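Okay, so here's the structure we're looking at.
The values are calculated or read from the model by the stated rules, or taken from the named source; none is laboratory data. Fair warning: this is a prediction, and the values are worked out from it, not measured in the lab. Please note: Cβ atoms are built from the backbone with ideal geometry, for glycine as well, and neighbour counts cover all protein chains shown. We work out accessible area using only protein heavy atoms, side chains counted, and drop any ligands, DNA or RNA first. Shrake-Rupley method; radii C 1.70, N 1.55, O 1.52, S 1.80 Å.
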Amino acid sequence: MERFSFRRLNVYREAMLMVKEVGQVVRAIPSDHRDLVWQIRRAARSVLLNIAEGAGEFAPREKARIHRIARRSAWETVAALDLALEERFLRASDLKGVLDRLHAIIGMLTTMGKKAEARVPRPRPRPRPKDRGQ
(Lines give C-alpha, C1' and ligand atoms only; values in the text may rest on other atoms or scores of the structure.)
Protein backbone atom coordinates (compact mmCIF):
# COMPACT_ATOMS: atom_id res chain seq x y z
CA MET A 1 0.00 0.00 0.00
CA GLU A 2 1.21 3.47 -0.88
CA ARG A 3 2.17 5.48 2.20
CA PHE A 4 1.90 8.84 0.46
CA SER A 5 -1.63 9.18 -0.86
CA PHE A 6 -0.85 12.14 -3.13
CA ARG A 7 1.13 9.77 -5.36
CA ARG A 8 -2.18 8.18 -6.37
CA LEU A 9 -3.69 11.48 -7.52
CA ASN A 10 -4.09 11.79 -11.29
CA VAL A 11 -3.10 15.44 -11.09
CA TYR A 12 0.14 14.53 -9.29
CA ARG A 13 1.01 11.87 -11.87
CA GLU A 14 0.24 14.29 -14.71
CA ALA A 15 2.35 16.98 -13.06
CA MET A 16 5.25 14.54 -12.69
CA LEU A 17 5.06 13.75 -16.40
CA MET A 18 4.84 17.47 -17.17
CA VAL A 19 8.00 18.19 -15.15
CA LYS A 20 9.83 15.47 -17.10
CA GLU A 21 8.56 16.84 -20.43
CA VAL A 22 9.59 20.36 -19.48
CA GLY A 23 13.06 19.06 -18.61
CA GLN A 24 13.36 17.54 -22.07
CA VAL A 25 12.01 20.59 -23.91
CA VAL A 26 14.23 23.17 -22.20
CA ARG A 27 17.38 21.35 -23.27
CA ALA A 28 16.99 23.13 -26.61
CA ILE A 29 17.39 26.55 -24.97
CA PRO A 30 20.95 27.88 -25.38
CA SER A 31 23.16 27.66 -22.32
CA ASP A 32 23.65 31.43 -22.17
CA HIS A 33 19.93 31.65 -21.24
CA ARG A 34 20.20 29.53 -18.11
CA ASP A 35 18.04 32.01 -16.22
CA LEU A 36 15.08 31.20 -18.46
CA VAL A 37 15.71 27.46 -18.18
CA TRP A 38 15.90 27.80 -14.40
CA GLN A 39 12.66 29.79 -14.27
CA ILE A 40 10.75 27.32 -16.45
CA ARG A 41 11.95 24.35 -14.41
CA ARG A 42 11.25 26.11 -11.11
CA ALA A 43 7.68 26.97 -12.12
CA ALA A 44 7.01 23.42 -13.37
CA ARG A 45 8.41 21.86 -10.21
CA SER A 46 6.38 24.24 -8.10
CA VAL A 47 3.19 22.80 -9.59
CA LEU A 48 4.16 19.29 -8.53
CA LEU A 49 5.40 20.29 -5.08
CA ASN A 50 2.31 22.34 -4.28
CA ILE A 51 0.04 19.46 -5.29
CA ALA A 52 1.84 17.27 -2.76
CA GLU A 53 1.69 20.01 -0.13
CA GLY A 54 -2.03 20.52 -0.68
CA ALA A 55 -2.68 16.81 -0.32
CA GLY A 56 -1.15 16.93 3.14
CA GLU A 57 -3.38 19.78 4.31
CA PHE A 58 -6.59 19.11 6.23
CA ALA A 59 -8.06 22.62 6.56
CA PRO A 60 -10.28 23.23 3.51
CA ARG A 61 -9.48 26.95 3.20
CA GLU A 62 -5.72 26.30 3.26
CA LYS A 63 -6.06 23.32 0.93
CA ALA A 64 -7.92 25.51 -1.58
CA ARG A 65 -5.24 28.22 -1.27
CA ILE A 66 -2.45 25.72 -1.97
CA HIS A 67 -4.34 24.37 -5.01
CA ARG A 68 -4.62 27.95 -6.29
CA ILE A 69 -0.86 28.41 -5.83
CA ALA A 70 -0.19 25.22 -7.81
CA ARG A 71 -2.57 26.46 -10.52
CA ARG A 72 -0.80 29.83 -10.70
CA SER A 73 2.53 28.03 -11.03
CA ALA A 74 1.11 26.10 -13.98
CA TRP A 75 0.09 29.39 -15.61
CA GLU A 76 3.58 30.72 -14.89
CA THR A 77 5.08 27.66 -16.59
CA VAL A 78 3.01 28.38 -19.69
CA ALA A 79 4.15 32.02 -19.72
CA ALA A 80 7.80 31.05 -19.29
CA LEU A 81 7.50 28.59 -22.17
CA ASP A 82 5.91 31.39 -24.21
CA LEU A 83 9.04 33.45 -23.59
CA ALA A 84 11.20 30.66 -24.96
CA LEU A 85 8.86 30.42 -27.95
CA GLU A 86 8.91 34.19 -28.51
CA GLU A 87 12.71 34.25 -28.42
CA ARG A 88 12.68 31.38 -30.95
CA PHE A 89 14.50 28.94 -28.68
CA LEU A 90 11.60 26.52 -29.08
CA ARG A 91 9.01 25.79 -31.76
CA ALA A 92 5.28 25.54 -31.17
CA SER A 93 5.43 21.89 -32.20
CA ASP A 94 7.98 21.29 -29.40
CA LEU A 95 5.48 22.57 -26.85
CA LYS A 96 2.21 21.02 -27.95
CA GLY A 97 2.40 17.98 -25.65
CA VAL A 98 3.52 19.85 -22.56
CA LEU A 99 0.98 22.65 -23.11
CA ASP A 100 -1.83 20.10 -23.53
CA ARG A 101 -0.75 18.45 -20.28
CA LEU A 102 -0.56 21.84 -18.49
CA HIS A 103 -4.07 22.65 -19.71
CA ALA A 104 -5.36 19.40 -18.22
CA ILE A 105 -3.48 20.00 -14.96
CA ILE A 106 -4.91 23.51 -14.65
CA GLY A 107 -8.42 22.10 -15.12
CA MET A 108 -7.88 19.45 -12.44
CA LEU A 109 -6.46 22.02 -10.01
CA THR A 110 -9.37 24.36 -10.64
CA THR A 111 -11.82 21.58 -9.79
CA MET A 112 -9.85 20.54 -6.72
CA GLY A 113 -9.68 24.13 -5.47
CA LYS A 114 -13.41 24.66 -5.94
CA LYS A 115 -14.22 21.42 -4.12
CA ALA A 116 -11.96 22.35 -1.21
CA GLU A 117 -13.44 25.86 -1.10
CA ALA A 118 -16.96 24.38 -0.98
CA ARG A 119 -15.99 22.55 2.23
CA VAL A 120 -14.98 25.78 4.00
CA PRO A 121 -17.40 26.30 6.89
CA ARG A 122 -19.52 29.39 6.38
CA PRO A 123 -20.23 31.60 9.38
CA ARG A 124 -23.76 31.43 10.61
CA PRO A 125 -25.64 34.69 10.68
CA ARG A 126 -26.15 35.98 14.18
CA PRO A 127 -29.73 36.42 15.28
CA ARG A 128 -30.79 40.03 15.34
CA PRO A 129 -31.58 41.43 18.75
CA LYS A 130 -35.29 41.83 19.31
CA ASP A 131 -36.52 45.35 19.11
CA ARG A 132 -37.25 46.53 22.64
CA GLY A 133 -40.21 48.83 22.67
CA GLN A 134 -39.35 52.36 23.69
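Taken over the stretch 105-134, the criterion of being surrounded by 15 or more Cβ atoms within 10 Å (Cβ to Cβ) and closer than 30 Å to Leu36 by Cβ is satisfied by Ile105, Ile106, Met108, Leu109, Met112, Gly113. Each residue in the stretch 28-60 was checked for being part of a helix (DSSP H, G or I), over 16 Å from Leu109 (Cβ atoms) and open to solvent by 40 Å² or more (accessible area, probe 1.4 Å), and 10 pass. Selection within the stretch 1-49: residues that are over 13 Å from the mean Cα position of the chain (by Cα) and acidic (Asp, Glu). The member of this set that is nearest to Thr77 (Cα to Cα) is Glu21. Taking first residues from the stretch 58-80 that are more than 18 Å from Met16 (Cβ to Cβ) and partners that are part of a helix (DSSP H, G or I) and acidic (Asp, Glu), the Cβ contacts under 8 Å between residues at least 6 apart in sequence or on separate chains come to Pro60/Glu117; Arg61/Glu117; Ala64/Glu117. Being in contact (Cβ under 8 Å) with a residue 40 or more places away in the chain, assigned to a helix (DSSP H, G or I), farther than 20 Å from Ala116 by Cα and among the small types (Gly, Ala, Ser) is a property that Ala84 has.
Taking the condition of being out of contact with any Lys or Arg (no Cβ under 9 Å at 6 or more places or on another chain), part of a helix (DSSP H, G or I) and open to solvent by less than 80 Å² (accessible area, probe 1.4 Å), how many residues in the stretch 1-15 meet it? Count: 4. Might you let me know whether the stretch 31-50 holds any residue that is more than 16 Å from Val98 (Cα to Cα), at pLDDT below 95 and of a type in the set (A, V, I, L, M)? No - not one qualifying residue is present in the stretch 31-50. So which pairs qualify, if the first residue must be in the stretch 33-49 and within 23 Å of Arg8 (Cα to Cα), the second must be small (Gly, Ala, Ser) and surrounded by 16 or more Cβ atoms within 10 Å (Cβ to Cβ), the Cβ gap must be under 6 Å, and the two must be at least 6 apart or on different chains? Sorted first by the residue in the stretch 33-49, then by its partner, the pairs are Ala43/Ser73; Ala43/Ala80; Ser46/Ser73; Val47/Ala15; Val47/Ala70; Val47/Ser73; Val47/Ala74; Leu48/Ala15.
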